[in-house]
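To keep things clear, I will list the structure first and then write my remarks on it.
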Amino acid sequence: MATDYDAPRKTEEDLSEDSLQELQARRSDKNSGVVDEDETEAAEGFELPGADLSGEELSVRVLPRQADEFTCSKCFLVHHRSQLAYERDGMPVCSECAA
């Protein structure tokens, strides 16, 4: 906050008189800008354009695990054999889970 060093300085009496008036003014200013709004109600009324996907159908072809792939025993994702970090008790672990 900038300070004007050229402005005349106030005495203790001026400060005590002004401070009560300033506090009352600040108090009324703070309350005048406050609006009670429920965030949940505001979010329910807000809708993104094109967000309604209820009529859409997905068509995805799922392939079974290939011979050069494995399922990680920690993250349960299918990875290529090149991402195999190690096997513990016959259970393969990918390099991402091993890190």
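Odds and ends about this structure:
- Where a residue in the stretch 84-97 is in contact (Cβ under 8 Å) with a residue 40 or more places away in the chain and more than 14 Å from GLU69 (Cβ to Cβ) and its partner, wherever it lies, is open to solvent by less than 50 Å² (accessible area, probe 1.4 Å) and in a helix (DSSP H, G or I), with Cβ under 6 Å and at least six apart: none
- For the stretch 72-99, the set of residues classified as more than 32 Å from the chain's Cα centre (by Cα) and either among the acidic types (Asp, Glu) or in a strand (DSSP E or B) (or both) consists of HIS80, LEU84, ALA85, TYR86, GLU87, ARG88, ASP89, MET91, PRO92, listed by residue number.
- Subset of the stretch 3-47 [among the hydrophobic types (A, V, I, L, M, F, W, C) and either modelled with pLDDT under 75 or part of a helix (DSSP H, G or I) (or both)]: LEU15, LEU20, LEU23, ALA25, VAL34, VAL35, ALA42, ALA43, PHE46
- Residue that is farthest from GLY90 (Cα to Cα), among those in the stretch 46-79 that are in contact with a strand residue (DSSP E or B) (Cβ under 8 Å, 6 or more places away or on another chain) and open to solvent by 100 Å² or more (accessible area, probe 1.4 Å): ARG65
The values are calculated or read from the model by the stated rules, or taken from the named source; none is laboratory data. All values reported here derive from a predicted model rather than from experimental measurement. Every residue, glycine as well, gets a Cβ built from its backbone with ideal geometry; the counts of neighbours run over all protein chains shown. Accessible surface areas use protein heavy atoms only, side chains included; no ligands, DNA or RNA. Shrake-Rupley method; radii C 1.70, N 1.55, O 1.52, S 1.80 Å.
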